[in-house]
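The values are calculated or read from the model by the stated rules, or taken from the named source; none is laboratory data. Please read all numbers here as calculations on a predicted model, not as lab measurements. Note: ideal-geometry Cβ built from the backbone for every residue, glycine included; neighbour counts use all protein chains shown.
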Amino acid sequence: MRKAISTTLLGIITSLFLLVYSSTETKAQEYNYRDAATGLNTIWEIIWGPDNYLWVTERPGRVQRVNPETGEMKQVLDITSDVITGSERGLMGMALSPTFSDDGYAYLSYTYQGNGTIVKIVRYKYNGTELIEPAIILDNIMGAGNHDGCRLAFGPDGMLYITTGDAQNTSLAQTLTSLNGKVLRINPDGSIPDDNPYYGNKSLKNEIWSFGHRNPQGLVFHNGILYSSEHGPNTNDELNIIEKDRNYGWPDVEGMCNEPLEIKYCETNNIKEPLAIYYQSSTLAVAGIAFYDVSDDAPYVIPEFQNSILMTTLRTGILMQIELSEEGMEVIEENNIINNSYGRLRAVCVSPDGRVFFGTSNRDGRGQPDFLDSDRIVEITSVKSSIENKDKGSLFEVFPNPSFGSLNIKSTSNSISKVSIFDMLGNKMTEIALDPNSSHYLQTSDIVSGNYHLRIESGGQIENKIVNIIH
């Protein structure tokens, strides 16, 4: 199916763009968009932390910890004096340790001035206020003005995976004595796992996991599968599944193995073709990716996003939904959720309660920034799960929603119901018992304005609603 889809894309590019762009305008009406934070500068990474805050890198060299409900930002690191910027250089990817709640480790990648531009990976420790105790985990990755990578992600195996660009030297991607144009895999302390493909080979770089990459800027694991988005030159941006010791072709192959010389090269060089390409006649400048897979009863779940990769693009300002097959190995459908409404997009993340957050990168030297509020983080929720005047469910009704002083919670269940109300950080505000087919009027005048998660349990069923309290 993957090849059939790709062939169709290649054959009807003009029609596809018209179709996608027109369908996007209709689809966009199904979602609410809210500025979760403003006043940022060239957002590179957004992570939902285990502390229920957004962790954000800004390319000039700052890390912000952002309250997703209020937009309040706390700067936890400023390394602007150490980071070399300009073109695509600067502070880039970030990953939080899988055991962050215990060890507080945050891993950052950035460029600095050495013998030319150099990229390194540094581990910091969060002490509850700021990131301290920098420890270099990996150094001396060649950098350049462009094509520096550098996205980080922890795998289910506990290893740290790192994308690197070819540093504008295309031959490095096929050179196994170079860290460039690769996906790297290391232990959290920087040592080399003994099951890496070139472990113990003194003449090759033991950190290498896969090679033949141009400039991969997206990286995410789901169900043990590692997905990566990668910039093509002028055509053929790629969405790849990364596998151990596979060659992804650059610079000898662009996109699919579909040209005569490429076909021959692919047959003899263990080439892994992309899961999808964008497109043979143009590029989107693909960037950050996230996987949407949340609980079906999550308060903000967007059902049509389930089992999908969400991918941002820079040049075209698109947030694309790429729905995958159940096993995650084929593309089923693609939809544009955002279509250049916010300018250049580089980062996206999904919260456990089903919300989507994306970040703009309009101050990166190639966008058109609005200096009144600069780069921003935008939250997406479904209209269906949010603010309707009267919200009907199978177990209860809630109205008015938004609430301006009181909230009527009406049970439509034939069983006794338990209603719990939580703030969006998961703190329980109150709990109410409802008799069958009864109503309860909740005074909301003393509750802080904002969105709240209302959960009802009745007769073995659970139902969730989002209520908006306004004063």
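Test Tyr300 against the criterion of being more than 14 Å from the chain's Cα centre (by Cα), closer than 25 Å to Glu69 by Cα and among the aromatic types (Phe, Trp, Tyr), and give yes or no.
Working: more than 14 Å from the chain's Cα centre (by Cα): yes; closer than 25 Å to Glu69 by Cα: yes; among the aromatic types (Phe, Trp, Tyr): yes.
Yes, satisfied.
Take Thr283 and tell me if it is hydroxyl-bearing (Ser, Thr, Tyr), at negative phi and either surrounded by fewer than 18 Cβ atoms within 10 Å (Cβ to Cβ) or at pLDDT 95 or above (or both). In short, no. Where strands (runs of 3 or more DSSP E) sit wholly within the range 341-422, those with at least 1 residues that are at pLDDT below 80 occupy 396-399, 406-411. Scanning the range 73-87 for residues that are at pLDDT below 95 and of a type outside the set (Ser, Thr, Tyr) yields a count of 1. Among the residues of the range 201-221, are any closer than 28 Å to Tyr105 by Cβ, in contact (Cβ under 8 Å) with a residue 40 or more places away in the chain and in contact with a Phe, Trp or Tyr (Cβ under 6 Å, 6 or more places away or on another chain)? For the range 201-221, residues closer than 28 Å to Tyr105 by Cβ, in contact (Cβ under 8 Å) with a residue 40 or more places away in the chain and in contact with a Phe, Trp or Tyr (Cβ under 6 Å, 6 or more places away or on another chain): present. In the range 68-86, the residues that are not assigned by TED's automatic domain parsing to the domain that holds Thr38 form no Cβ pair under 6 Å with any partner that is modelled with pLDDT of 95 or more and assigned to a loop (DSSP other than H, G, I, E, B), whether six or more places apart or across chains. Taken together, the residues in the range 149-162 that are more than 14 Å from Val122 (Cα to Cα), modelled with pLDDT of 95 or more and not in a strand (DSSP E or B) amount to 5.
Would you be able to tell me the number of residues in the range 241-263 that are in a loop (DSSP other than H, G, I, E, B) and at pLDDT below 95? Of the residues in that region, 2 qualify.
Note on the range 46-66: residues that are of a type in the set (Gly, Ala, Ser) and assigned to a strand (DSSP E or B) total 0. When the range 126-144 is filtered for residues that are within 20 Å of Thr80 (Cβ to Cβ) and within 24 Å of the chain's Cα centre (by Cα), the ones remaining, listed by number, are Tyr126, Glu130, Leu131, Gly143. Can Tyr300 be described as surrounded by 23 or more Cβ atoms within 10 Å (Cβ to Cβ), modelled with pLDDT under 95 and farther than 16 Å from Gln217 by Cβ? Yes.
Among the residues of the range 430-449, which ones are of a type in the set (S, T, N, Q) and without any contact (Cβ under 8 Å) to a residue 40 or more places away in the chain? Quick ask: steps written out before the conclusion?
Within the range 430-449, the subset of a type in the set (S, T, N, Q) is 430, 437-439, 443-445, 449.
Within the range 430-449, Thr430, Asn437, Ser438, Ser439, Gln443, Ser449 meet the criteria.
When Ser191 is tested against (1) in contact (Cβ under 8 Å) with a residue 24 or more places away in the chain; (2) part of a loop (DSSP other than H, G, I, E, B); (3) of a type in the set (Ser, Thr, Tyr); (4) closer than 30 Å to Pro134 by Cβ, just one condition goes unmet, and that condition is (1). Could you look through the range 194-216, keep only residues that are outside any loop (DSSP other than H, G, I, E, B) and touching an Asp or Glu at 6+ places or on another chain (Cβ under 7 Å), and pick out the one that is nearest to Ala144 (Cα to Cα)? Of everything passing the filter in the range 194-216, Pro216 is nearest to Ala144 (Cα to Cα). Would you check if Val448 is surrounded by fewer than 13 Cβ atoms within 10 Å (Cβ to Cβ) and within 34 Å of the chain's Cα centre (by Cα)? So Val448 passes the test.
Can you find a residue in the range 99-118 that is surrounded by fewer than 16 Cβ atoms within 10 Å (Cβ to Cβ) and under 21 Å from Thr312 (Cα atoms)?
Keep residues of the range 99-118 that are surrounded by fewer than 16 Cβ atoms within 10 Å (Cβ to Cβ), which gives 99, 101-103, 113-116.
Subset that is under 21 Å from Thr312 (Cα atoms): none.
No, the range 99-118 contains no residue that is surrounded by fewer than 16 Cβ atoms within 10 Å (Cβ to Cβ) and under 21 Å from Thr312 (Cα atoms).
Are any residues in the range 405-460 under 24 Å from Glu379 (Cα atoms) and either of a type in the set (D, E, K, R) or in the same structural domain as Pro68 (by TED's automatic domain parsing) (or both), and if so, which ones? Listed by number, the residues that qualify are Asp423, Lys428, Arg455. Scanning the range 125-141 for residues that are of a type in the set (Val, Ile, Thr), under 16 Å from Phe100 (Cα atoms) and outside any loop (DSSP other than H, G, I, E, B) gives a single hit, Ile132. The condition of being among the hydroxyl-bearing types (Ser, Thr, Tyr), over 18 Å from Arg151 (Cβ atoms) and within 23 Å of the chain's Cα centre (by Cα) holds for Ser295.
I'd like to check something: does the range 230-241 contain any residue that is of a type in the set (Ser, Thr, Tyr), under 25 Å from Thr312 (Cα atoms) and surrounded by 24 or more Cβ atoms within 10 Å (Cβ to Cβ)? So far as the range 230-241 goes, no, none of its residues is of a type in the set (Ser, Thr, Tyr), under 25 Å from Thr312 (Cα atoms) and surrounded by 24 or more Cβ atoms within 10 Å (Cβ to Cβ).
Restricting to the range 305-315, name every residue that is modelled with pLDDT of 95 or more and surrounded by fewer than 20 Cβ atoms within 10 Å (Cβ to Cβ).
Just the residues of the range 305-315 that are modelled with pLDDT of 95 or more, to begin with: 305-314.
Across the range 305-315, the qualifying residues are Gln306, Asn307.
Being in contact (Cβ under 8 Å) with a residue 60 or more places away in the chain and part of a strand (DSSP E or B) is the filter here; which residues of the range 94-106 pass it? Break it down into steps so the answer makes sense when it comes.
To start, the set of residues in the range 94-106 that are in contact (Cβ under 8 Å) with a residue 60 or more places away in the chain comprises 95, 97-98, 105.
If the condition is that a residue be in contact (Cβ under 8 Å) with a residue 60 or more places away in the chain and part of a strand (DSSP E or B), then Ala95, Tyr105 are the ones that fit.
When residues in the range 67-92 are screened for being part of a loop (DSSP other than H, G, I, E, B), under 23 Å from the mean Cα position of the chain (by Cα) and hydrophobic (A, V, I, L, M, F, W, C), 0 of them pass. In this structure, is Cys266 part of a helix (DSSP H, G or I) and surrounded by 15 or more Cβ atoms within 10 Å (Cβ to Cβ)? Spelling it out, Cys266 is indeed part of a helix (DSSP H, G or I) and surrounded by 15 or more Cβ atoms within 10 Å (Cβ to Cβ).
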